[in-house]
Amino acid sequence: PPIDLQYKRVMLKLSGEALQGGMGFGVDPKVLNAVAREVGTAAKQGVQVAVVVGGGNYFRGASAWDGLERATADYVGMLATCMNALMLQSALEKQGVATRVQTAIEMKEIAEPYIRRRAIRHLEKGRVVIFGAGTGAPFFSTDTAAALRAAELDVNVFMKATKVDGVYDCDPVSNPDAKMHKRLLYSDVMTQNLRVMDETAITLCKENDIPVVVFNLYTPGNIMRALCGDVDVGTTIC
Ligand code: GTP
């Protein structure tokens, strides 16, 4: 059924780890294709979708071993996000959705370099734009990259797809009584150490008045509902 579109342009942050599904490493094609179907459905309804993918299914800069420089580890992590970006692109194009990948580190043979005004034109033409290589600089998370692009592209909302339904008052995995928040303030996230996203990312969203919606990527239909503006999905931070 057609849905009332609430947003013109959205940033969807997909964790790399979520793409691995039950596999423990790399990309689970079933998860990837399910994500692509929902993003594709939303895009076909007319929502302009920008996507930032993480790379934690391959490599996580922050958990580099002793002796591996943090900056180097972060660069490896950025390359990991580019692999995810290309696979997501392929899955989306199989759904008949036009896409462009832009990377923050130039790799012109496989993707466009990040050019803000060009990304905006792609979005206006209905192409899903997938951003790889994070911010292109070490010491920033992919959440921060997504928040930065969200601000640059003037999106209406930042959608953070995760493995849980939303933001809880305590860890829902170890506490069966954990309660999910429907709405939170940016300041709640900062002062209560809710670990939704790192402080740089949440600060960027707050300073640019971009609401953040945290929702479960594995619930069928959720991505599509979130992108189209269903307020019942997950936790809204604003
Ligand atoms: P419009 O000008 O709005 O039609 O955008 P467009 O992206 O279709 O135009 P362009 O002719 O720039 O790109 C055609 C194709 O080449 C698209 O699939 C782009 O993603 C791709 N492309 C453009 N620039 C680069 C680049 O620097 N590297 C790579 N690998 N592909 C590129």
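The values are calculated or read from the model by the stated rules, or taken from the named source; none is laboratory data. None of these values were measured; they are calculated from a predicted model. Backbone-built Cβ (ideal geometry, glycine too); neighbour counts: all protein chains shown. Surface accessibility is based on the protein's heavy atoms, side chains included, excluding ligands, DNA and RNA. Shrake-Rupley method; radii C 1.70, N 1.55, O 1.52, S 1.80 Å.
Does segment 179-238 come out rounded, prolate or oblate by the C-alpha gyration tensor, with a ≥ b ≥ c the root eigenvalues, rounded set by a/c under 1.5 and, if not, prolate when a/b is larger than b/c and oblate if not? The shape class here is prolate. Annotation: Cα Rg of the chain relative to the compact-globule expectation 2.2 N^0.38 Å equals 0.94. In segment 53-193, the DSSP beta bridges split such that about 10 percent are antiparallel, to the nearest 5.
In the chain, a dipole from Cβ-located charges (positive for Lys and Arg, negative for Asp and Glu) runs towards its positive end, and of P29, Y75, A64 it is P29 whose Cα lies farthest in that direction. Once you divide the Cα radius of gyration of segment 74-165 by 2.2 N^0.38 Å, the number left is 1.05.
Just the projected area, averaged over all directions, of the convex hull on the alpha carbon atoms of segment 1-72: how many nm²? Reported value for the Cα convex hull: 6.4 nm². Take 190-199, 222-231, 66-75 and order them by the average number of nearby Cβ atoms within 10 Å per residue, most first; the result is 222-231, 190-199, 66-75. Sorted on the mean count of surrounding Cβ atoms within 10 Å across their residues, most packed first, peptides 142-150, 33-41 read 142-150, 33-41. Each of F139 and C170 was given a label point 7 Å from its Cα along the Cα-to-Cβ line. The distance between the two points is 3.6 nm. With a Förster radius of 25 Å, plug the Cβ-Cβ distance of V76 and E152 into 1/(1 + (r/R0)^6) and report the FRET value to the nearest 0.05. Result of the calculation: an efficiency of 0.50.
Each peptide in 8-16, 50-58 was scored by the mean count of other Cβ atoms within 10 Å over its residues; highest first, the order is 50-58, 8-16.
Quick one: check the C-alpha center-to-center distance for segment 112-134 versus segment 160-227, whole angstrom. Centre-to-centre distance over Cα atoms comes out at 25 Å.
Filter the cross-link list K13/K94; K30/K94; K8/K125; K44/K125; K13/K163; K8/K108 down to pairs whose alpha-carbon distance in this structure exceeds 18 Å. With Cα atoms farther than 18 Å apart: K13/K94; K8/K108. In this simple spin-label approximation, I110 and T200 carry label points 7 Å from Cα along the Cα→Cβ vector, and these lie 2.3 nm apart.
The accessible area of C238, taken with all protein chains in place and a 1.4 Å probe, comes to roughly 50 Å². Within the accessible area of the chain, the carbon and sulfur atoms contribute 51%, probe 1.4 Å, all protein chains present.
Histogrammed with a bin width of 5 Å, the alpha carbon distances of segment 1-120 distribute as 2, 11, 19, 21, 20, 14, 8, 4, 2, 0, 0 percent, first bin at zero. Accessible area of L5 (1.4 Å probe, protein heavy atoms only, ligands and nucleic acids ignored): about 70 Å².
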